[in-house]
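Participant: Let me give you the structure first, and then I'll get to my questions.
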Ligand SMILES: [Cu+2]
C-alpha cells in the first residue's frame, strides 16, 4: 500500500470512529424524542362537567305519543299533578357540559345528542388517551363522578368508603355543594373493546356519595371508549354513522334528594303530603317514573336515523330489583357480540352495545318488554328515513 492510500484508509477509519461516537451520543437524545412523540400521540381529552339542578319534565309534549292520545286514567297515575300528586315535572339533578373551567357557559346542545335527555354528556376516549374531567358540584348535596371501566387511582374514584386512604385521596369522594375536583382517568387497553366487541364499548359514570339517591336524582351519564386506531379525531368510531345512548330506569322520586322540595313546589297540599307521604302507597307509586332517558310514553325526542346507516346503540340500566329491562326494537334487528336479536336484557348496572343497520323505513316502537313497565310508559319511538 503506498503512502497516500494508507493515509486515506486511516482518515476513513478515523471518520467512522467519530460517527460511532456521535451515534452513541445521539441515542439518548433520539430515545427521548421518540418518547416525546408517543406521549404527544396519546391524547388528553379535557371536559368541564357540572352537576346542576333543573326542573325535569318527563313528558314535555303533554300527551301519550305512543297512542297519539291525551293522557287517560292509566297514564295519570304517573303524570297528573294535584293536591297530593307531584305530576310529571320534578326538580332533579343532571350532569351538564360547560365550555371551560369558569363554568359560566353551558356547551350548546348538539342535535345528534338531543335524545340523551336527563343523561350527562358523552365522555369519549380512544385506547391510549387520558380523560381529564374538571367537575363542579352546582347542586345542594354532595356529589361526585365515579367512572366504570377506565383506570383510576384513589384520587379519581369518586366514591367514599373505608379504603384506608386519606388527605387528597379523599377529595374526589364527595365534592361538596359549590366544590370542584379534577378527575384523571386513563383509557388503557383493558378499558377498550375486547376480542368479541365492535370498535367501541360503553361504560357509564355516575355520582356515588349516596349512589341510590344520587342516581335516582338523575346523576348518570355515558362514557364511550373506542379501540386504538379506530377513532375519528373526536373519539367516535370510524366505522359507525350514528350513535344512540338509552338509559332504562325507574327513577324512584321517593328516593330523590329533592323529594321534599318536589312536594313543596309541585303538590297542592304540601303539608298534608309531607305528613303522610310514607304511608300513602298511591303517592309513592305516582313517583315511580318508568323512563327512557327520563321520558315516558314516547316523549323521548331525536331517535332518527337513515335506512342503511351503520347505527350503534349503547344501552344502560341502573336502579333496583324492578330495573330488569328488556329494550325491544320493532321493525329492525341488531347484532350483539355477533349474535342476532331484536331485544336486549338489562339488569341494574348493565352496559351493552349493539349494532343495527336499519332496513325498514318508518316510525317504530322502542320499548321495554316488561309488561308492568309498558303500562307505566317505558316506551319511545324511533324513526328510520328512506
Ligand atoms: Cu323495563
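Participant: If I ask for residues that are without any contact (Cβ under 8 Å) to a residue 40 or more places away in the chain, surrounded by fewer than 15 Cβ atoms within 10 Å (Cβ to Cβ) and assigned to a strand (DSSP E or B), which ones from the range 364-386 would you list?
Facilitator: Those that are without any contact (Cβ under 8 Å) to a residue 40 or more places away in the chain, surrounded by fewer than 15 Cβ atoms within 10 Å (Cβ to Cβ) and assigned to a strand (DSSP E or B): none in the range 364-386.
Participant: Here is a follow-up. Just to be sure, is residue 244 within 16 Å of the ligand (Cβ to nearest atom), closer than 24 Å to residue 221 by Cβ and outside any loop (DSSP other than H, G, I, E, B)?
Facilitator: It is false that residue 244 is within 16 Å of the ligand (Cβ to nearest atom), closer than 24 Å to residue 221 by Cβ and outside any loop (DSSP other than H, G, I, E, B).
Participant: Somewhere in the range 355-362, is a residue away from the ligand (no atom under 14 Å from the Cβ), assigned to a loop (DSSP other than H, G, I, E, B), touching a residue at least 12 places away in the same chain (Cβ under 8 Å) and within 24 Å of the chain's Cα centre (by Cα)?
Facilitator: yes
Participant: I'm checking my understanding of the structure. Among residues of the range 285-308 that are over 16 Å from residue 373 (Cβ atoms) and surrounded by fewer than 15 Cβ atoms within 10 Å (Cβ to Cβ), which one is farthest from the ligand (Cβ to nearest atom)?
Facilitator: For the range 285-308, the residue satisfying everything is 308.
Participant: Mind checking which residues of the range 320-353 are buried (at least 16 other Cβ atoms within 10 Å of the Cβ), within 18 Å of the chain's Cα centre (by Cα) and away from the ligand (no atom under 12 Å from the Cβ)?
Facilitator: Those that are buried (at least 16 other Cβ atoms within 10 Å of the Cβ), within 18 Å of the chain's Cα centre (by Cα) and away from the ligand (no atom under 12 Å from the Cβ): 351, 352, 353.
Participant: Give the residues of the range 366-375 that are within 28 Å of residue 203 (Cβ to Cβ) and more than 8 Å from the ligand (Cβ to nearest atom), sorted by residue number.
Facilitator: Across the range 366-375, the qualifying residues are 366, 367.
Participant: Right, something else. From 71, 78, 103, which residue is over 21 Å from residue 264 (Cα atoms) and buried (at least 20 other Cβ atoms within 10 Å of the Cβ)?
Facilitator: Answer to the check: 71.
Quick note: the coordinates plus some simple rules give every number you see, no bench work behind them. Values in this document were obtained by computation on a predicted structure and should not be read as measured data. Virtual Cβ from ideal backbone geometry, glycine too; neighbours counted across all protein chains shown.
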